[in-house]
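K.L.:
Structure below; questions to follow.
Readers should treat all values here as calculations from the given coordinates under stated rules, not as data from a laboratory. What you see is a predicted model; the values in this text were computed from it and never measured. Cβ placement follows ideal geometry from the backbone for every residue including glycine, while neighbour counts extend to all protein chains displayed.
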Amino acid sequence: MLFDTWREDAKAAILEFLGTIMFLLLALGGTQNANFQGGPANDRLMYIAASFGLSLVVSAWLFFRATGGLFNPNVTLALLLVGAISPLRFVLYCIAQLVGSIVASGILLGLVPGPLLVTTQPGPGINKAQATFIEMFLTTSLVLAVLMLAAEKHKSTAWAPIGVGLTLFAAELWGLSFTGGSLNTARSFGPAVVAGFDESHWVYWLGPFLGSLLGTAIYTLLKTFDYWNLNPGQDSSDPSLSPDNPVNALTETTRSRSAEAGNSVQNREKTINRAV
């Protein structure tokens, strides 16, 4: 049964390979441009974060219905753990993503002047343990976004690439200066193959791997708590479930109090008349 769908899995892996190349060419191309041009650090940080976030939105949206638009072995692992993909597809996707990253990095090196400036390594003052945990927590946020917005089926599932891309953008704003903002083993592996491995490269395997496990654990906890019952109606399009117009509520309260005041006056008059 493991290989019953191998044809579909192989086709999906080929498309995931192409999608990974597209995503990383756009994202790493923006990174290369920002670092090649130089300029203020904060400007480059915003430029690179936007490159990754927007590249993921565009690429994931294009490939979402074909492969899921993952482009990330750590996200792929999370989907395996929750049963969204088969073990065979997991293996094929991971191969496609890692090889796609190498190809994208090689293409980029051949197209732009100068050395490749897109590798990841811990920033100044950041040791390998700190970098590992930063990568873990950032990857957790990305994995949880994918599981809640894309793996969970709801009325806004089709818009998941936007939410996932914004999550990556937000994560990059923190991670870029301290770890290079990988959140994706393939993203670090391809440039390292082309430009050379750093002694801290293992950080970008362990950190995102732990983040994948933690994100999956949080998702499992949400499912265990039946989260959809805690704040029901969030996916409903029925306007009658919306809060009432505050003006109507205020008017109703005023009328109620006026009626109570009128009844009180009438009761008091009746009491006085009886006494007389």
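K.L.:
Each label point is 7 Å from the Cα along the Cα-to-Cβ direction; what then is the distance between the points at Ala129 and Ala195, in nm?
P.N.:
In this crude spin-label approximation the distance works out to 2.8 nm.
K.L.:
List every residue whose amide H lies under 5 Å from the amide H of Ile85, counting only residues 5 or more places away in sequence or on a different chain, with H placed 1.01 Å from N in the peptide plane.
P.N.:
Leu80
K.L.:
Follow-up question, since we're still on this one. Name the most mobile residue of Gly175, Gly39, Gly69, meaning the one with the largest mean-square fluctuation, in a Gaussian network model of the chain with Cα contacts below 10 Å.
P.N.:
Between Gly175, Gly39, Gly69, it is Gly39 that shows the largest mean-square fluctuation.
K.L.:
Let me ask something else about it. Relative contact order for segment 27-94 using alpha-carbon pairs under 8 Å, separation at least 6, rounded to a whole percent?
P.N.:
Relative contact order for segment 27-94 comes out at 22 percent.
K.L.:
Neighbouring Cβ atoms within 10 Å as the yardstick, rank Leu142, Leu45, Leu81 fewest first. Could the numbers behind the result be given before it?
P.N.:
On the way: Leu142 25, Leu45 16, Leu81 19.
Going from sparsest to densest Cβ surroundings: Leu45, Leu81, Leu142.
K.L.:
Something else: What do you get for the angle between helix 41-67 and the principal long axis of the chain? Use alpha-carbon atoms, 0 to 90 degrees, nearest ten.
P.N.:
Value to nearest ten degrees: 80.
K.L.:
To continue, here is another question. I need Tyr227, Tyr219 ordered by Cβ neighbour count within 10 Å, fewest first.
P.N.:
Result, fewest neighbours first: Tyr227, Tyr219.
K.L.:
Another question, if that's okay. Could you check the spin-label model distance between Met46 and Leu221? Points 7 Å from the Cα along Cα→Cβ, value in nm.
P.N.:
Using points 7 Å along Cα→Cβ, the separation is 3.5 nm.
K.L.:
Can you give the calculated 222 nm mean residue ellipticity of the chain, where each DSSP H run of n ≥ 4 adds -39,500 (n - 2.57) and the sum is split over every residue, rounded to the nearest 500 deg cm²/dmol?
P.N.:
It lands at -24500 deg cm²/dmol.
K.L.:
Please turn the phi angles of segment 6-22 into ³J(HN,Hα) values with the Karplus equation 6.51 cos²θ - 1.76 cosθ + 1.60 (θ = phi - 60°), one per residue in order, whole Hz, x for glycine and proline.
P.N.:
4, 5, 5, 5, 5, 4, 4, 5, 4, 5, 5, 4, 5, x, 5, 4, 4
K.L.:
Another question, if that's okay. Taking every eigenvalue of the Cα gyration tensor of the chain, multiplying by 5 and rooting it, what semi-axes result, largest first, whole Å?
P.N.:
On the way: eigenvalues 551, 111, 59 Å².
Equivalent ellipsoid of the chain: 52, 24, 17 Å, largest first.
K.L.:
On to the next question. Comparing Thr132, Thr167, Thr251, which has the greatest mean-square fluctuation in the GNM of the chain with Cα pairs linked when under 10 Å apart?
P.N.:
Highest fluctuation of the listed residues: Thr251.
K.L.:
Among Leu88, Leu173, Leu241, determine the one that fluctuates most according to a GNM of the chain built with springs between C-alpha atoms less than 10 Å apart.
P.N.:
Leu241
K.L.:
Mind checking the dipole of the chain: about its Cα centre, +1 per Lys or Arg Cβ, -1 per Asp or Glu Cβ, Debye to the nearest 20?
P.N.:
Using only the charged Cβ atoms, the result is roughly 500 debye.
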